[in-house]
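Before we start, here is the structure in question, set down as structure tokens.
The values are calculated or read from the model by the stated rules, or taken from the named source; none is laboratory data. Since we're looking at a predicted model, the values are computed, not measured. Here the Cβ positions follow ideal geometry from the backbone for every residue, glycine too, while neighbour counts run over all protein chains shown. All accessible areas refer to the heavy atoms of the entire protein, side chains included, with ligands and DNA or RNA removed. Shrake-Rupley method; radii C 1.70, N 1.55, O 1.52, S 1.80 Å.
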Amino acid sequence: MVAKIGVIHEVSQALKKRREKILIISIKTTASAILITSNFHVMLGVGLCLGMGKGIRSVYMNLVVPAYVSIDKVASALALQNLGVGVINLLISPLLGFLKDIHGSYSVSVIVLNMATLMVIVVLLAESVLNRRKKNVRSKPGSSHSQ
């Protein structure tokens, strides 16, 4: 949990300070509070944050896709995105439930989800670094890519 909080600043710099992504990461960090508390009111707050996060993601993703896809392909792109999310949810949910049944607690399931989030953050950071390096190589005079 501490690592996730510490990485928010670095991720915001690497992702060109997009507030929306910082908000999503912050909400995922808030979800980690499930691991350290059993207080009903804290759990209620975490549920509220997760619900807000899902709502923001639902609206935001429908606004992001048209920025990357031509207008005539938006419906297909959104359908594929929703299909992908649905398939992932159908595949991951039983596995997380199985982990809960084995360990008797949701803690292991939350840790697995947090590790998946950490992997996404690492991939986004790596993509950002690679794109920045690619742009720097292309912009250097005398480079074979600067034609």
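I'm told S12 meets every condition in (1) polar (S, T, N, Q); (2) at pLDDT below 75; (3) closer than 27 Å to R132 by Cα; (4) open to solvent by 60 Å² or more (accessible area, probe 1.4 Å) except one. Can you identify the failing condition by its number?
With respect to (1) polar (S, T, N, Q); (2) at pLDDT below 75; (3) closer than 27 Å to R132 by Cα; (4) open to solvent by 60 Å² or more (accessible area, probe 1.4 Å), S12 is out only on (4).
Also: Has the stretch 117-129 got any residue that is acidic (D, E) and closer than 26 Å to L35 by Cα?
Within the stretch 117-129 (the criterion being acidic (D, E) and closer than 26 Å to L35 by Cα), the answer is no, since none of the residues qualifies.
Can you name the condition, by its number, that S93 falls short on among (1) among the small types (G, A, S); (2) at pLDDT below 85; (3) within 18 Å of L50 (Cα to Cα)?
(2)
Same structure again: With the checklist (1) modelled with pLDDT of 85 or more; (2) exposed (fewer than 11 other Cβ atoms within 10 Å of the Cβ) in hand, flag the one item L78 doesn't pass.
L78 satisfies all of (1) modelled with pLDDT of 85 or more; (2) exposed (fewer than 11 other Cβ atoms within 10 Å of the Cβ) except (2).
Which members of the stretch 57-111 meet the condition of being basic (K, R) and out of contact with any helix residue (DSSP H, G or I) (no Cβ under 7 Å at 6 or more places or on another chain)?
If the condition is that a residue be basic (K, R) and out of contact with any helix residue (DSSP H, G or I) (no Cβ under 7 Å at 6 or more places or on another chain), then K73 is the only one that fits.
Using the structure shown, decide if K100 is charged (D, E, K, R) and either open to solvent by 70 Å² or more (accessible area, probe 1.4 Å) or in the same structural domain as I36 (by the TED database) (or both). Working first, answer last.
Details: charged (D, E, K, R): yes; either open to solvent by 70 Å² or more (accessible area, probe 1.4 Å) or in the same structural domain as I36 (by the TED database) (or both): no.
It is false that K100 is charged (D, E, K, R) and either open to solvent by 70 Å² or more (accessible area, probe 1.4 Å) or in the same structural domain as I36 (by the TED database) (or both).
Anything in the stretch 38-63 that is exposed (fewer than 13 other Cβ atoms within 10 Å of the Cβ) and β-branched (V, I, T)? List them, or say none.
V59
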